[in-house]
Structures are given as C-alpha cells and as structure tokens.
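Take a look at the structure below.
Laboratory data are not the source of any read-out in this text; all were calculated from the coordinates shown. Keep in mind that what you see is a predicted model, and the values were worked out from it rather than measured. Glycine gets a Cβ as well: all are built from the backbone with ideal geometry, and neighbour counts include every protein chain shown.
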Amino acid sequence: MTLRLAPGRRRGTAGAAGAAALLLAGLTAPASAHAASGPARDWAAPTIALSATHLSGAVGAFGDPAVTVDVEQQGIPAGFLRLRVVSSSNPAVARVGDVRQVRERNGERRLTVSARGQGYTDLTLEVTGRGGKTATATLSYAASARTADAAGTRYLTGSSDASAAVDVGGGHVLIADDESNVLRLYDRARSGGPVKSWDLGPALGWKKEADIEGAARVGDTVYWTGSLGNNKDGKYKAERNTVFTTRIAGSGAATEITFRAAYKGLREDLVAWDAANGNRYGFAAGTAAGEVPKQIDGFNVEGLEFAPGSRTTAYLGFRAPLAPAVPGGKALVVPVTNIDKVVAEGAKAVFGRPIEMDLGGLAVRDIRKNAADQYLILAGSWAADDNSDPYALYQWDGIAGHAPKKRADLPTGDPGGWEAVVNVPDLRWRGARVQLITDSGAADLYGDGTEAKDLDHPEWKKSRSAWFTLR
C-alpha cells in the first residue's frame, strides 16, 4: 500500500469516462462479462490500495481533498472491478452515499466525501472481482465544522500551525510551521497536502523547532525569523533565536529552495539596543527566565518585511510587547538597517528609529508589502488564547509617523487565528481581495477536545486559507 496524500486534482486528461462523477453504489459492471470461457478457474483475490488511509474534510466545503484508490485482480482490467463503500461507522459524519468517485483513465478511482457533520467515521471500501473474490480497506475520515466563509475556504493539510507565508508565483505559496522546521509548498487554489516540503532542521543543527513566525522576500532570497522569545514555559531555547535565509529557484510547483545562512544572536542585539535607550520597551524583562512571550509586556516577534525601496532594512513586527506610549498600547515595529550583513556575515544588528502605530490596541501578527511598497498589517491580540479576540487588516505606506488605515475587520470564532498574509493586492482599489492563512494548531477541529497540533495523523492536521475583500 502506498501512502501518498492526493492533493485533490485530476490525474489524467478529462474525458467522458474520466470526468463523470459516479456514486460508488452505481458501479456495477460485472467482471464475469469479460472473462474468457473455459473451465472454472481459481481466481486470485483482488487487491485494493489507498493513496492515504486518512482523509480530512469540512462541512459545506468546496474542493475538499481526495484519495485515489488502486484496485487490481490478475487477468481482469481494473476498470471492470466493482468498488463500493459498504459501511460508515458514524453516519452522522458521512453516510455511504456521501462518498463519490471519479474513474480515471488509468483505472484508478478518485474518492471524495461530502461531510454531514463534525467528527470522525471509518468508511469501509470493498472491491469485488472475478469468482466473487473481494478485498476491503478502511478510509478513516475526519470532518471539521462549517466555517462562516466556507465557499472561499481551502484547507492546507499535513500541518496545522501555519505561521508565515511567501508567494512564489505560479499560484503556489511557501508556508512555515511554528511547530516544526519544515517549509511546505502548497497550491493556493486547492485543498490538500503539500506539493513539496523541506526540513531545514539538519542544515541548522536544530534539535527543537525554531518557532518560525515571519518571512520576507527580496529577489530570490527569503529571510525567515523565529519568534526570538522564550517558549510557552518561559524557557530560553536557542533555536528560536534564529534569523536565516533560503534561496528560491523556479516558481509554482517547480519551486526549489536551498538553505543559505543563519544568525543566532538577534535577540541579544535587541535587548542591548533597548538597554542603551533606557529600556523603553522592557526587552530585558520580557526575555528574562520564566517570562512567557504572549503577554502584553512579553517579547515575541511575528512580522518581518522590508522597508520601502530597501533590500537591506527589514522591519521586525512585534506581537509583544505593546509600546507604552498611550493607554492600551501601540503596536511596535523595529527596523534592522543591515539585515543582509547580519545574516550573511554575522554582523551585529544596527537598529533604526522604532515605529509605534495605533492598531486599535492590537499587535502585529504579520506584515507584508507589494512591489509598489503598499503594506498590509495583519493585526491581532498579543494573548495566547485569542481565537475570539478581534483581528483586522490595516493599510500602511511603510513610513514612520504615517498612520495606518483599517481596511477590514476579520471574522473570529472559527477554529484558528489569522496568522499570515500571502501577498498584497493593489490597495488603491476598493474591493481588492487578499488571501490569509490561519494557525489552527490550538483549535479543536473535530469536536473531541484534541488540539490539531496533537492529532496523530498528518492528513487530519490542517490550516485554512480564505479570501477577504478590502473595503
């Protein structure tokens, strides 16, 4: 049995046979009609193999992931073997008739499930071949609840903790995960697993996750930053104190990345800079042993982007602390004016004048700009459990002292928190649309109290992406 996650796309050229969606129960072509005449034969049992034994979906979703099924019996063309679903362990989640299949020209069957309710069910598949011989397999299916924006939602499976995104062109996006050191390439328009993935842990000698939270691209180089803060238990972990670069070659599904360089002292540089300037932001206190990062006076970087027209000055956007300039606090952005030399040569960071901005009491969760130096700031809470707290998108021109303007309030209450902006459209136009991605690691996707990051099967872990219109 091969275990490869089908990304939910056609595998062959569409045709009358390959494109027709057929209910599983309706495939009744008898194998015996195509057997040679002659003495009775002791037929070998058929076989059935699934591209993945676990599959996730969502109630009301469009374009959910699929699995492919290979059925074989010696002497019988695969297209004449009967495949059907014979049972569902939980019909409230999906019934037998909710499973559909498409026959591909190579004989494979592509299966999708239309979920009725949130939860889990085991779907038993059976193939019947010549001589009445059968074989069965189990597809374990999990369905998350309907979301408010179901029509525009896509689910990126294989990981639930999306934390930073970089558009690589060709309809694909490179996504980091703050619970691992793996970068994954996804088709932006489809639900399903990654097209490719790269584990950077060995290249950097990491034993723990780097807590990657921000990314910025300049040319063929992508800068990535860890959160730089303590872990959730208030302990220092060296891996989190890392800024590194990767090189991108190609685009779309052909994208390839290679590791280039890393710097492992930006946290110390920030603390020293703040101390030299009167400890205005409390970086030393926020990084002290026992201090957790997700508090209003904590220390936690989540945004990274380049300054207008610059390839060397990068903006660090802080989730915490909030700047103590006004009641409720302002969001904080600190420029690193020599980020190129910091990472490539190990130079000490040089900092520009800090930028404080009013995001309605919210902090920076991501910051992204387009080629015209139009910025979108994804604003959210500094708190750890913030799914029900407000989120908003602000437009900014990247210039210190210029106030950002709110362009959209984002829905809350659905599983996961908004965490990454894929790219920035032309912000001059009302009605421009932007794609955002959630970190759903702490979400109870399937209603059993299990956080997504703790699920046993990668195919059940997922973040979601959705498109929003800017007013």
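What is the gain in length, in nm to one decimal, between Lys208 and Ala408 on full extension, counting 0.36 nm per residue of separation less the C-alpha to C-alpha distance?
My answer for the length gained is 68.4 nm.
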- Note on the structure: Per the rule of 0.36 nm per residue minus the C-alpha distance, extending Arg247 to Ala261 adds in nm 4.1 nm
- Message: Sort 299-312, 188-201, 394-407 by the packing proxy (mean of other Cβ within 10 Å over each peptide's residues), most packed first.
- Response: 299-312, 188-201, 394-407
- Among Val222, Ala285, Ile296 the positive-end extreme of the charge dipole of the chain (Cβ point charges): Val222
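Per the Kirkwood formula on distinct C-alpha pairs, the Rh of the stretch 275-341 is how many angstrom?
12.8 Å is the Kirkwood radius here.
I want to verify the translational diffusion coefficient of the stretch 139-267 in µm²/s; compute it with Stokes-Einstein, Rh as the Kirkwood radius over Cα pairs, at 37 °C and 0.692 mPa s. It would help to have the intermediate numbers written out before the result.
Details: Rh = 15.6 Å.
Estimated via Stokes-Einstein, D reaches 210 µm²/s.
If you put +1 on each Lys and Arg Cβ and -1 on each Asp and Glu Cβ, how big is the dipole of the chain around its Cα centre, in Debye rounded to 20?
Magnitude of the dipole: close to 1460 debye.
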- Query: Stretch Thr312-Ala384 to full length: gain in nm at 0.36 nm per residue minus the Cα-Cα span?
  - Reply: 22.7 nm
- How many nm is it between the label spots at Arg471 and Asp233, if each spot is 7 Å from the Cα in line with the beta carbon? 4.5 nm
- Work out the FRET efficiency for Thr450 and Asp397 from their Cβ-Cβ distance, taking R0 = 45 Å, and round it to the nearest 0.05. 0.55
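Rank-order 79-86, 90-97, 315-322, 208-215 by packing density, defined as the average count of other C-beta atoms within 10 Å over each peptide's residues, highest first.
Ranking, from highest mean packing down: 315-322, 208-215, 79-86, 90-97.
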- Query: How long are the semi-axes of the ellipsoid equivalent to the chain, from square roots of 5 times the Cα gyration tensor eigenvalues, in whole Å, largest first?
  - Reply: 48, 21, 20
- Message: I want to make sure I understand the PRE zone here: with the label point 7 angstrom from the Cα of Arg41 toward its beta carbon, which residues in the stretch 118-138 have backbone N atoms less than 12 Å away?
- Response: 130-131
- All other residues with a Cβ under 14 Å from the Cβ of Ala210 taken together, and with Lys, Arg as +1 and Asp, Glu as -1, what is their net charge? -4
- Message: Below 8 Å between Cα atoms, with a sequence gap of 6+, how large is the relative contact order for the stretch 310-457 in percent?
- Response: 15 percent
- Item | Ratio Rg/Rh, restricted to the stretch 308-445 and using Cα atoms, in which Rh is the Kirkwood radius | 0.98
- Query: So which of Lys235/Lys264; Lys208/Lys294; Lys294/Lys405 end up more than 23 Å apart by C-alpha?
  - Reply: Lys294/Lys405
- Any idea what the dipole of the stretch 330-471 comes to, in debye rounded to 20, about its Cα centre with Lys/Arg Cβ at +1 and Asp/Glu Cβ at -1? 880 debye
- Message: Starting from a Cα-only point model with no solvent, please compute log10 I(q)/I(0) by Debye for the stretch 144-185 at q = 0.17, 0.25, 0.26 1/Å.
- Response: -0.56, -0.94, -0.97
- Item | Farthest positive-ward along the chain dipole, Cα basis, beta-carbon charges - from Val364, Pro324, Thr312 | Thr312
- In Å, the Kirkwood hydrodynamic radius of the stretch 259-379 over pairs of distinct alpha carbons? 14.8 Å
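Rule-of-thumb check for the stretch 382-471: C-alpha Rg over 2.2 N^0.38 Å?
Ratio of Cα Rg to 2.2 N^0.38 Å: 1.27.
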- Task: Can you grab the distance from the C-alpha centre of the stretch 163-200 to the C-alpha centre of the stretch 335-362, Å, no decimals?
- Result: 26 Å
- Message: Report the Cα-based extents of the stretch 82-220 along its three principal axes, largest first, to the nearest Å.
- Response: 61, 36, 32
- Message: With angles folded into 0 to 90 degrees, how steeply does helix 266-276 sit against the dominant principal axis of the chain? Use alpha carbons for both and round to 10.
- Response: 20 degrees
- Message: Past the 22 angstrom mark, what percentage of all C-alpha to C-alpha distances in the stretch 219-314 do you count?
- Response: 39 percent
- Among the stretch 329-343, those whose backbone N falls under 16 Å of a label point 7 Å along Cα→Cβ from Arg280 are 329-337
- Message: Quick check: from the Cα gyration tensor, does the stretch 327-377 come out rounded (a/c under 1.5), prolate or oblate?
- Response: oblate
- the chain - percent relative contact order, Cα under 8 Å, separation 6 or more: 12 percent
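Dipole of the stretch 62-151, Cα-centred, from +1 at each Lys and Arg C-beta and -1 at each Asp and Glu C-beta, to the nearest 20 debye?
Approximately 320 debye in magnitude.
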- Enter the Cα centre distance for the pair the stretch 438-455 and the stretch 74-137, rounded to the nearest angstrom. 28 Å
